[in-house]
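Working notes, structure below.
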Amino acid sequence: MEKYFKRKSIAETSQLCSGVNDHENQPFSKKNCFEVDLENLPFDPGFRPRITFYHPNVRDQVRMRYLQKGPCQPRNHKFPKSKSGDHERSFQCSWFDKYPYWLEYSIENDAAYCLCCYLFKPDIGEQSGGDSFVLDGFRNWKRLENFKYHIGGPNSYHNQAVKNCQALMNQKQHVSTIINKKSDQQREDYRIRLKGSISASRFLLRQGLPFRGHDESVNSMNRGNFLELLHYTAEQNEEYRLVALENAPGHDKLIAPSIQKDIINAFAVETVNKLISDLGDAFFSILVDEARDVSNKEQMAIILRYVNKKGCVVECLLSIMHVTDTTALSLKMGIESLFSKYNLSISRLRGQGYDGASNMRGQFNGLKALILKDNEYAFYVHCFAHQLQLALVAVAKKDTNIERLFLKVSCVINIVGWSPRRRDLLNEKQALKVKKAIESGELSTGQGLNQDTSLKRPGETRWGSHYGTLLSLINLFSSVIEVLEDLTENSDNRVEASDLVDYMTSFDFAFNLHMMKNILGITFELSQALQRKDQDIINAMSLVHLSKRRLLLIRNNGWDNLLDEVSHFCIAHNIDMPNMQEKFVARGRSRRNVQEMTNLFHYRVELFYAIIDLQLSELDSRFNEELNDIISLAQKMVEKKKHLIYSLVYLLITLALTLPVATASVERAFSAMKIVKTHLRNRMGDQFLNDSLIPYVEKDIFDSVDKEMVMQRFLNMKPCRGQ
């Protein structure tokens with residue numbers, strides 16, 4: 001049976017919420033009464049502890065949070081059938097529409113429950129339908145009259161529970177609100193203060209800025225971004241100044257850290273709700289990866305990919321959640337708990353994309369295999385960008401000449417960029433050369449031309465970055481050689497610098513440098529195209545085939561152009577060129593049993609052809625799917641209303657577009673995490689981190705969140721907040 005909840009007993013699940021006891025007959029603890037994690041309350045009715053497990057002081061908060069989420073109604077779930085007499089029957093999704101306010105369904109128990117009775121029904125005997133809709137769940141799909149029997153008359157326990165739910169959410173009737181009844185003017189002042197705090201929070205969230213300050217006391221010169229922004233607002237807005245900050249009641253300033261976190265959470269929830277609403281009942285894929293944050297906690301990012309109602313491919317961050325370990329089972333449990341939180345069914349999952357780690361794509365125990373056991377239609381796609389990365393790494397490691405090239409380039413960057421003084425020396429020498437070239441007319445001037453540049457350090461996990469490294473080294477070659485020559489005279493690295501000068505002023509280096517620059521230039525364009533959010537797998541395959549054709553074209557017709565390019569470079573930098581018709585003499589290679597060859601044969605066949613053939617072989621082995629092009633077809637069908645006429649054709653197209661291509665969106669989320677959670681903010685809690693990241697990453701959805709919706713959610717978070 002399809003699952004998207006953790007397989008735990010009620011006692012184990014209740015431990016997710018501190019302050020919930022392990023056994024029904026165990027009394028609540030005063031020590032834990034305010035430690036309930038309201039954001040991670042068990043959503044499936046089969047996992048919930050009784051409401052009496054919670055301390056009385058927090059029960060209203062728990063009830064309000066469940067009512068805000070609404071009943072657990074997995075509408076897209078494939079409900080299992082069970083034998084009932086001569087027929088097989090199952091729960092029907094249409095019943096949710098008939099009883100939308102209270103009816104719930106538990107995937108774990110395959111049973112129906114009542115949310116209102118769970119929250120407010122007293123623990124007394126078998127009356128008005130008993131406890132079948134609260135404890136054990138209702139499973140007799142043949143006797144639907146029990147639904148009406150459960151509702152009962154006007155004064156039934158169910159209807160009393162419904163009234164209590166409505167009264168709880170209507171804070172005007174709350175006893176605390178009645179006692180602290182405010183005048184119309186007080187309510188208007190409260191609204192002005194709240195709008196100011198929400199506006200300040202929106203700005204800081206969008207920019208990924210911290211809220212708190214090191215010293216927020218009255219005498220502090222910098223009280224943190226949130227308070228400083230409110231003071232600036234007060235200076236610019238007379239209406240806000242008269243009712244906020246120092247002019248607000250001491251208990252109602254709406255600037256406390258807990259208020260800030262509630263507003264941030266309200267923004268995050270409304271942003272995700274818009275995402276889930278846009279997704280609707282469409283099929284979707286997930287992109288998953290994990291990384292450590294600045295406090296060395298493993299964080300798992302989950303991206304949803306789907307085709308929206310306009311026929312456009314969308315990739316959006318659903319959540320970043322802390323996982324205790326990165327085993328496949330733990331990751332799957334985290335995904336299932338997130339699905340249950342947002343009423344997502346694993347039966348609608350049609351694709352899963354990972355970076356290729358063993359815990360992700362393992363054939364038997366990887367995350368891919370575990371999800372496929374629950375849904376055989378969740379097609380796995382190995383990240384295209386990661387496959388390209390592996391292909392480039394394989395080329396670099398299988399040929400000693402190319403491996404030596406990148407090793408020496410890395411040494412050059414480490415030595416020249418070792419200190420700010422050396423980097424400044426390189427910039428000075430390059431600036432002087434540019435000035436002379438401009439004066440002699442070799443370089444033209446204009447906006448955007450001749451800007452300062454420096455050696456780019458490559459990333460080992462992003463081989464596309466090596467292309468920029470080689471380009472920068474070619475542009476700065478003469479200046480780099482001069483810096484290295486200076487270091488050979490008086491430096492701790494003089495021996496290494498001398499060896500680098502000898503190697504870099506050889507024809508071998510010049511040839512390998514330009515050859516790999518041309519090859520990486522083709523794969524760099526492919527890498528950039530694969531990382532687009534709206535890239536589809538069919539177009540991605542066509543781009544891979546195009547790159548293969550371009551490499552093959554260079555192999556067949558590019559030798560003369562490469563040799564001319566290398567020749568001009570050698571002449572410009574006084575590098576000796578060998579005669580291509582003479583006998584090749586290898587450096588450091590044993591002379592015994594060596595086949596005699598010309599320089600032309602060595603550089604053209606053993607290097608040029610061999611490296612391109614190796615690159616093509618790696619691309620063929622890693623990208624072997626055969627698909628046809630359907631670029632923009634889905635959007636055109638929606639635009640011309642053809643998706644309504646050819647619904648099955650459109651479904652096939654959207655399924656193809658839904659399949660993931662690359663995990664670039666996950667990497668972007670991790671990059672954002674480094675901006676939001678810094679060394680100065682390394683104590684951010686997991687929920688606070690998630691709530692801060694979602695608005696920052698998904699700015700387009702976040703900008704469309706209505707302030708009134710955020711305000712209403714904030715007011716409903718806790719009792720007796722101003723109306």
Every pair of residues 6+ apart whose Cβ atoms lie under 8 Å, when the first sits in region 156-169 and is more than 16 Å from R65 (Cβ to Cβ) while the second is surrounded by 15 or more Cβ atoms within 10 Å (Cβ to Cβ) and basic (K, R): Y157/K121; H158/K121; A161/K121
How do the pairs read when you match residues in region 384-396 that are open to solvent by 20 Å² or more (accessible area, probe 1.4 Å) with residues anywhere that are among the charged types (D, E, K, R), using Cβ under 6 Å and keeping only pairs 6 or more apart or on different chains? H386/D355
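Any residue at all in region 537-544 that is touching a strand residue (DSSP E or B) at 6+ places or on another chain (Cβ under 8 Å) and either part of a helix (DSSP H, G or I) or surrounded by fewer than 17 Cβ atoms within 10 Å (Cβ to Cβ) (or both)? Steps first, please.
Within region 537-544, the first condition is being touching a strand residue (DSSP E or B) at 6+ places or on another chain (Cβ under 8 Å), and the residues that meet it are 537.
Subset that is either part of a helix (DSSP H, G or I) or surrounded by fewer than 17 Cβ atoms within 10 Å (Cβ to Cβ) (or both): 537.
Yes, region 537-544 contains a residue that is touching a strand residue (DSSP E or B) at 6+ places or on another chain (Cβ under 8 Å) and either part of a helix (DSSP H, G or I) or surrounded by fewer than 17 Cβ atoms within 10 Å (Cβ to Cβ) (or both).
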Does any residue in region 84-112 that is within 30 Å of M333 (Cβ to Cβ) come within less than 7 Å, Cβ to Cβ, of a residue that is modelled with pLDDT under 85 and part of a strand (DSSP E or B) six or more places away or on a different chain, and which pairs are these? S90/S82
F509: open to solvent by 10 Å² or more (accessible area, probe 1.4 Å), within 20 Å of L455 (Cα to Cα) and either touching a residue at least 40 places away in the same chain (Cβ under 8 Å) or not hydrophobic (A, V, I, L, M, F, W, C) (or both), yes or no? no
Give me the residue from region 206-237 that is among the aliphatic types (A, V, I, L, M) and more than 33 Å from the chain's Cα centre (by Cα) and, out of that set, farthest from E188 (Cα to Cα). M221
May I ask you to list pairs of residues, at least six apart or on different chains, whose Cβ atoms are under 9 Å apart, with the first in region 468-487 being under 15 Å from N574 (Cβ atoms) and the second being among the acidic types (D, E) and in a helix (DSSP H, G or I)? S479/E428
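Restricting attention to region 359-384, report how many residues are of a type in the set (A, V, I, L, M), part of a helix (DSSP H, G or I) and at pLDDT 75 or above.
Pass one, region 359-384, residues of a type in the set (A, V, I, L, M): 360, 367, 369-372, 378, 381.
Filter once more, keeping what is part of a helix (DSSP H, G or I): 360, 367, 369-372.
Narrowing further to those that are at pLDDT 75 or above: 367, 369-372.
Total meeting the criteria: 5.
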Those residues of region 332-347 which are buried (at least 22 other Cβ atoms within 10 Å of the Cβ) and small (G, A, S) amount to S340
Criterion (open to solvent by 30 Å² or more (accessible area, probe 1.4 Å) and polar (S, T, N, Q)) met by exactly one of S94, S90, S106: S94
Tell me the strands (runs of 3 or more DSSP E) entirely within region 262-331 that contain at least 2 residues that are open to solvent by less than 30 Å² (accessible area, probe 1.4 Å), touching a Ser or Thr at 6+ places or on another chain (Cβ under 9 Å) and without any contact (Cβ under 8 Å) to a residue 60 or more places away in the chain. 298-307
Would you point out which residue out of K429, K435 is more than 29 Å from R532 (Cβ to Cβ), assigned to a helix (DSSP H, G or I) and either in contact (Cβ under 8 Å) with a residue 12 or more places away in the chain or in contact with a strand residue (DSSP E or B) (Cβ under 7 Å, 6 or more places away or on another chain) (or both)? K429
Test Y240 against the stated conditions and say whether it is within 19 Å of the chain's Cα centre (by Cα) and more than 19 Å from G208 (Cβ to Cβ). no
Mind checking which pairs have a first residue in region 559-574 that is of a type outside the set (A, V, I, L, M) and a second that is not in a helix (DSSP H, G or I), Cβ under 9 Å, 6 or more apart or different chains? S567/M577; F569/I575; C570/D576; C570/M577; H573/T505; N574/T505
Being among the aliphatic types (A, V, I, L, M) and touching a residue at least 60 places away in the same chain (Cβ under 8 Å) is the filter; apply it to region 235-261 and report the residue that is surrounded by the most Cβ atoms within 10 Å (Cβ to Cβ). L254
Quick one: what pairs do we get from region 650-671, first residue touching a residue at least 40 places away in the same chain (Cβ under 8 Å), second open to solvent by less than 10 Å² (accessible area, probe 1.4 Å) and among the hydroxyl-bearing types (S, T, Y), C-beta under 8 Å, 6+ apart or different chains? T658/S285; T658/Y306; L659/S285; P660/S285; T663/Y354
Within region 530-562, take every residue that is within 15 Å of Q615 (Cβ to Cβ) and among the polar types (S, T, N, Q) and give me the one that is modelled with the lowest pLDDT. S547
Qualifying positions in region 52-75 - open to solvent by less than 10 Å² (accessible area, probe 1.4 Å), touching a residue at least 60 places away in the same chain (Cβ under 8 Å) and farther than 18 Å from A111 by Cβ: M64
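One line per residue, one yes/no per condition, for (1) touching a helix residue (DSSP H, G or I) at 6+ places or on another chain (Cβ under 9 Å); (2) modelled with pLDDT under 90; (3) within 18 Å of A301 (Cβ to Cβ):
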residue: F670; (1), (2), (3): no, yes, yes
residue: H679; (1), (2), (3): no, yes, no
residue: M684; (1), (2), (3): yes, yes, yes
residue: Q687; (1), (2), (3): yes, yes, yes
residue: I694; (1), (2), (3): yes, no, yes
residue: V697; (1), (2), (3): yes, no, yes
Look at F91 and say whether it is modelled with pLDDT of 85 or more and more than 29 Å from the chain's Cα centre (by Cα). yes
In region 138-165, anything over 30 Å from S84 (Cβ atoms) and modelled with pLDDT of 85 or more is listed as Q160, K163, N164, C165
Looking at (1) at pLDDT below 80; (2) open to solvent by 30 Å² or more (accessible area, probe 1.4 Å); (3) farther than 25 Å from S479 by Cβ, which is the only condition S440 fails? (3)
Is at least one residue of region 475-497 open to solvent by less than 40 Å² (accessible area, probe 1.4 Å), among the hydroxyl-bearing types (S, T, Y) and closer than 16 Å to L455 by Cβ? yes
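The values are calculated or read from the model by the stated rules, or taken from the named source; none is laboratory data. Since the model is a prediction, treat every value here as computed from it, not as a measurement. Cβ atoms come from the backbone with ideal geometry, glycine included; neighbour counts cover every protein chain shown. Protein only, heavy atoms only, side chains kept; ligands, DNA and RNA dropped before computing areas. Shrake-Rupley method; radii C 1.70, N 1.55, O 1.52, S 1.80 Å.
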